[in-house]
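The values are calculated or read from the model by the stated rules, or taken from the named source; none is laboratory data. As the structure is a computational prediction, the values presented were derived from the model and not from experiment. FYI the Cβ positions are ideal-geometry reconstructions off the backbone, even for glycines, and counts take in every protein chain you see. These area figures cover heavy atoms from the full protein model, side chains too; ligands, DNA and RNA do not enter into them. Shrake-Rupley method; radii C 1.70, N 1.55, O 1.52, S 1.80 Å.
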Amino acid sequence: MRNGSTVTGRAPWARLLAPLPALLVVLVALAPLVLPWLGNVDDQRLVDLDVYRTGGRELLEGRPVYDFMTPAPQLLPFTYPPIAAMLATPLAMMSWPVAQWVWTGLILLTLAVTVRYAFRPALERPAFERRGGWRLPLLLALLTVACAYLMPIRDQFRFGQVDILLVALCLADCVAPRPPWPRGLLIGLATAVKLTPGVFLIYLLLTGFGPGARKEQRDAFLMAAFTATLLTVLPFLVIPSDAADFWFGALLDPERLGANAATTNQSVRGMLIRLYLPDQLTSLLWLALVAVIAWSGFRHARRALLDGHTTTAVALVGLMAVLLSPVAWIHHLAWVVVVLGALAGDGRDPVRVRVAAGVWLYYVLPVPWWGVTIKAAEIPVLSPVVGKIVQNGFGLGALVLVWLLGVWLPRRRAAFPGDAVPLKA
């Protein structure tokens, strides 16, 4: 029989070594995904990271941030608010190889954080936690690897994008129990950096005021609004010319983001543009659809929060950031990670797990590019109709996800109510 001192002596080493198998799984499984891009030619790897670094460098060297373009063949401008250029200055101080490895590591870390919060009901099941040891880190590693192969996340590694970092900030701000930071701070930061997380300000406003309002949501809204405002005003004091260039010039030019009709734009507006209707009709249809989708999405998100399903609420609001934006590239759908966590719940309902697995597979496959191939085949009827639908597959899929989370999931939960994790102040 082992005495207490023996067990106590081994426990720290056991805790230290427990994550190592999980770390090994992540490194081996993601090497084929990450290394090809890090080893590509300079002008074809992590091209968005190059935009961030160049924006920071222009700022450090006193040149206009919104006048530059990255070198050919990319020719990409800086499209983010000026506070993003200020935050990118540390990247500009690094060498290009070091910046690539640091940024790739940050993408992986924030993906793991997102998975940890998104799949919290499953990872925190009492029956699972009691087993302890290496099982919990290994499950987290396997889920992280699975999510890394989603096409929107693959594009994070390919382009060196910032989206999964913004997802992690908003998700942690909403679901972290007793966070050490004021709730709303991270949402304000994410909104200041890339505007589209501003949909969470609407969500906090709707859940913090009016019937059924919650004080913690109201406090979070005030903190998020204050943080976003502060980080928006600050550049006017530090780099006023660049701030004016963005807010009164670059922001008003959607073509700076790239060709809005491109397949990679899976927002509602992008799908409508690819119908090639008259511009005025396209705008009217877009405004009407935006109103309907916003009403439905935020209503379901509010209901999910009040029912104690905060992750579902966050997933719905994240989908609003994609669908309602004028331009939403495929990598903006990094919110699918949160959707998967909401659908899977605590893992006890096999139907929900199968639905989550189906959604995962759908967003692993390059569905929109299949649509491009079908259209190029020029088969009568099939190519123009089916090809167009498949080309819009990820955007249309996001609309289906809103229905799944807002309508199907509440009905399904009736038999399996154990995954509700109420928001803690």
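The lone criterion from (1) within 30 Å of residue 251 (Cβ to Cβ); (2) open to solvent by 20 Å² or more (accessible area, probe 1.4 Å) left unmet by residue 104 is number (2). The stretch 280-379 holds helices (runs of 4 or more DSSP H) entirely within its bounds, and those carrying 2 or more residues that are in contact with a His (Cβ under 7 Å, 6 or more places away or on another chain) and crowded, with 17+ Cβ neighbours inside 10 Å map to 310-323.
Restricting attention to the stretch 407-417, and to residues there that are in a helix (DSSP H, G or I) and open to solvent by 10 Å² or more (accessible area, probe 1.4 Å), which single residue is farthest from residue 348 (Cα to Cα)? If we take residues in the stretch 407-417 being in a helix (DSSP H, G or I) and open to solvent by 10 Å² or more (accessible area, probe 1.4 Å), then 407 is farthest from residue 348 (Cα to Cα).
Of the residues making up the stretch 143-172, those that are over 29 Å from residue 74 (Cβ atoms) and either at pLDDT below 95 or among the small types (Gly, Ala, Ser) (or both) are 146, 172.
Count, please, the residues in the stretch 167-177 that happen to be aliphatic (A, V, I, L, M) and either crowded, with 24+ Cβ neighbours inside 10 Å or closer than 15 Å to residue 332 by Cβ (or both).
So in the stretch 167-177, the residues aliphatic (A, V, I, L, M) come out as 167-169, 171-172, 175-176.
Still in the list and also either crowded, with 24+ Cβ neighbours inside 10 Å or closer than 15 Å to residue 332 by Cβ (or both): 167-169, 171.
Summing the residues that are aliphatic (A, V, I, L, M) and either crowded, with 24+ Cβ neighbours inside 10 Å or closer than 15 Å to residue 332 by Cβ (or both) in the stretch 167-177 gives 4.
Within the stretch 15-31, how many residues turn out to be at pLDDT below 70 and open to solvent by 90 Å² or more (accessible area, probe 1.4 Å)? Don't jump to the end; show me each part of the working.
First pass over the stretch 15-31, keeping only residues at pLDDT below 70: 15-18.
So of that shortlist, the ones also open to solvent by 90 Å² or more (accessible area, probe 1.4 Å) come out as 15-17.
Total meeting the criteria: 3.
Across the stretch 84-101, the number of residues qualifying as aliphatic (A, V, I, L, M), assigned to a helix (DSSP H, G or I), open to solvent by 10 Å² or more (accessible area, probe 1.4 Å) and within 26 Å of residue 240 (Cα to Cα) comes to 6. Go through the stretch 226-247 and count every residue that is closer than 18 Å to residue 88 by Cβ, of a type in the set (Ser, Thr, Tyr) and at pLDDT 95 or above. Within the stretch 226-247, residues that are closer than 18 Å to residue 88 by Cβ, of a type in the set (Ser, Thr, Tyr) and at pLDDT 95 or above number 1. If the condition is being part of a loop (DSSP other than H, G, I, E, B), under 18 Å from residue 193 (Cα atoms) and aromatic (Phe, Trp, Tyr), then the stretch 65-81 contributes 78, 80. Of all residues in the stretch 107-125, those satisfying the criterion of being at pLDDT 95 or above and open to solvent by less than 60 Å² (accessible area, probe 1.4 Å) are 107, 108, 110, 111, 112, 113, 114, 115, 117, 118, 119.
Which ones in the stretch 17-64 are of a type in the set (Gly, Ala, Ser) and either in a helix (DSSP H, G or I) or in contact (Cβ under 8 Å) with a residue 40 or more places away in the chain (or both)? Passing the criteria: 18, 22, 29, 31, 55, 56.
Condition check ((1) open to solvent by 10 Å² or more (accessible area, probe 1.4 Å); (2) of a type in the set (D, E, K, R); (3) in a helix (DSSP H, G or I)) across all residues:
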site: 145; (1), (2), (3): yes, no, yes
site: 153; (1), (2), (3): no, no, yes
site: 165; (1), (2), (3): yes, no, yes
site: 179; (1), (2), (3): yes, no, no
site: 183; (1), (2), (3): yes, yes, no
site: 187; (1), (2), (3): no, no, yes
site: 197; (1), (2), (3): no, no, yes
site: 205; (1), (2), (3): yes, no, yes
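The C-beta contact set for the stretch 234-245 (first residue over 7 Å from residue 82 (Cβ atoms), second residue in a helix (DSSP H, G or I) and open to solvent by less than 40 Å² (accessible area, probe 1.4 Å), distance under 7 angstrom, 6+ apart or interchain) comprises 234/83; 236/243; 245/66. Of everything in the stretch 237-279 that is assigned to a helix (DSSP H, G or I) and charged (D, E, K, R), the residue that is nearest to residue 69 (Cα to Cα) is 256. For the stretch 50-73, check the following and say yes or no: at least one residue is over 21 Å from the mean Cα position of the chain (by Cα), under 23 Å from residue 328 (Cβ atoms) and open to solvent by 40 Å² or more (accessible area, probe 1.4 Å). Within the stretch 50-73 (the criterion being over 21 Å from the mean Cα position of the chain (by Cα), under 23 Å from residue 328 (Cβ atoms) and open to solvent by 40 Å² or more (accessible area, probe 1.4 Å)), the answer is yes, since at least one residue qualifies.
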